[in-house]
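The values are calculated or read from the model by the stated rules, or taken from the named source; none is laboratory data. Quick caveat, the model's predicted, so the values are computed rather than measured. Note that we place each Cβ from the backbone using ideal geometry, even for glycine, and neighbour counts take in every protein chain shown.
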Amino acid sequence: MKSRGELIQYRVARAKESLAATKDLFANGYYNDAASRMYYASFYILLAYICAKQLKAETHKRVQIVFHELIKTGLIDEKFSKLYSKLFNRRFESIHSEFVNYAIDDVKPLISEVEQFIITVEKLIISTITNA
C-alpha cells in the first residue's frame, strides 16, 4: 500500500497532467474536452489537499462540500469557489447535456485561473504537510 505522501504526490501530478492536457486540447480546438479536463485538474488538486488534511471525500459532491468549507476558513480566495463551481457545472453539462459546444472565449480565460488555483492549493498542501 502506498503512503499518504505518495498519494498526495500522485494527485498533484494528476492535477498538473490534466492542466497540460487542457492546454493541448484547447490548442487543438477541443473546447468541451478542455473544459472537462480543467475541472479534473482542479478536482485532483483538491483531492490532494483533502488527503494532506487527512479528510475523506469519495464523491465529486463531497469534494465540493469540503472545498466550500475550506473557502470559509479564508485560506483560499472566494474567487476560486466561483471558478470551481463553474468548472463543475461545465463538466456536468458537457457530459449530460445535448448540443453543448463551448467556444474559445468560454474556455481560454479559465485556463490561467485553473493554473493559479493549482499553484495556490499546492502551496496549502506544502504548508499543511510542513506544519503537521
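Just for segment 95-129: of the residues that are assigned to a helix (DSSP H, G or I), farther than 25 Å from residue 78 by Cβ and among the β-branched types (Val, Ile, Thr), which one is farthest from the chain's Cα centre (by Cα)?
Ranking the qualifying residues of segment 95-129, first place goes to 104.
Does segment 42-57 contain at least one residue that is of a type in the set (S, T, N, Q), under 19 Å from residue 92 (Cα atoms), under 16 Å from the mean Cα position of the chain (by Cα) and buried (at least 19 other Cβ atoms within 10 Å of the Cβ)?
yes
When you scan segment 76-88, do you find a residue that is closer than 22 Å to residue 131 by Cα and either surrounded by fewer than 15 Cβ atoms within 10 Å (Cβ to Cβ) or touching a Cys at 6+ places or on another chain (Cβ under 6 Å) (or both), even just one? Please lay out each step first, then the result.
First pass over segment 76-88, keeping only residues closer than 22 Å to residue 131 by Cα: 76-77.
Applying the additional criterion that residues be either surrounded by fewer than 15 Cβ atoms within 10 Å (Cβ to Cβ) or touching a Cys at 6+ places or on another chain (Cβ under 6 Å) (or both) yields 77.
Yes: one or more hits.
Say we look at segment 89-126 and pick out the residues that are under 15 Å from residue 16 (Cβ atoms) and charged (D, E, K, R); which of these is surrounded by the fewest Cβ atoms within 10 Å (Cβ to Cβ)? Quick ask: steps written out before the conclusion?
Pass one, segment 89-126, residues under 15 Å from residue 16 (Cβ atoms): 111-112, 114-123, 125-126.
Right, trim to charged (D, E, K, R) and you get 115, 122-123.
Working: 115: 16, 122: 18, 123: 11.
Residue satisfying both the conditions and the ranking: 123.
I need the full set of residues from segment 27-49 which are of a type in the set (A, V, I, L, M, F, W, C) and either at pLDDT below 95 or farther than 28 Å from residue 131 by Cβ (or both), in order please. Let's see the steps before the verdict.
Of all residues in segment 27-49, those of a type in the set (A, V, I, L, M, F, W, C) come to 27, 34-35, 38, 41, 43, 45-48.
27, 34, 35, 38 - these are the residues of segment 27-49 that are of a type in the set (A, V, I, L, M, F, W, C) and either at pLDDT below 95 or farther than 28 Å from residue 131 by Cβ (or both).
Between a first residue in segment 26-44 that is without any contact (Cβ under 8 Å) to a residue 24 or more places away in the chain and a second residue that is acidic (Asp, Glu), which pairs have beta carbons less than 9 Å apart while being 6 or more apart in sequence or on different chains?
So the pair list comes out as 30/24; 37/24.
Going by the structure shown, is residue 21 at pLDDT 95 or above and touching a Leu at 6+ places or on another chain (Cβ under 7 Å)? Spell out how you get there, then give the answer.
On the way: at pLDDT 95 or above: yes; touching a Leu at 6+ places or on another chain (Cβ under 7 Å): no.
No.
How about segment 50-80: which of its residues are touching a residue at least 60 places away in the same chain (Cβ under 8 Å) and either out of contact with any Ser or Thr (no Cβ under 6 Å at 6 or more places or on another chain) or of a type in the set (Lys, Arg) (or both)?
Passing the criteria: only 53.
Please find, within segment 93-132, the residue that is farthest from residue 45 (Cα to Cα) out of those that are touching a residue at least 40 places away in the same chain (Cβ under 8 Å) and among the aromatic types (Phe, Trp, Tyr).
Per the criteria, the residue is 102.
I need the full set of residues from segment 2-40 which are farther than 18 Å from residue 114 by Cβ and crowded, with 20+ Cβ neighbours inside 10 Å, in order please.
8
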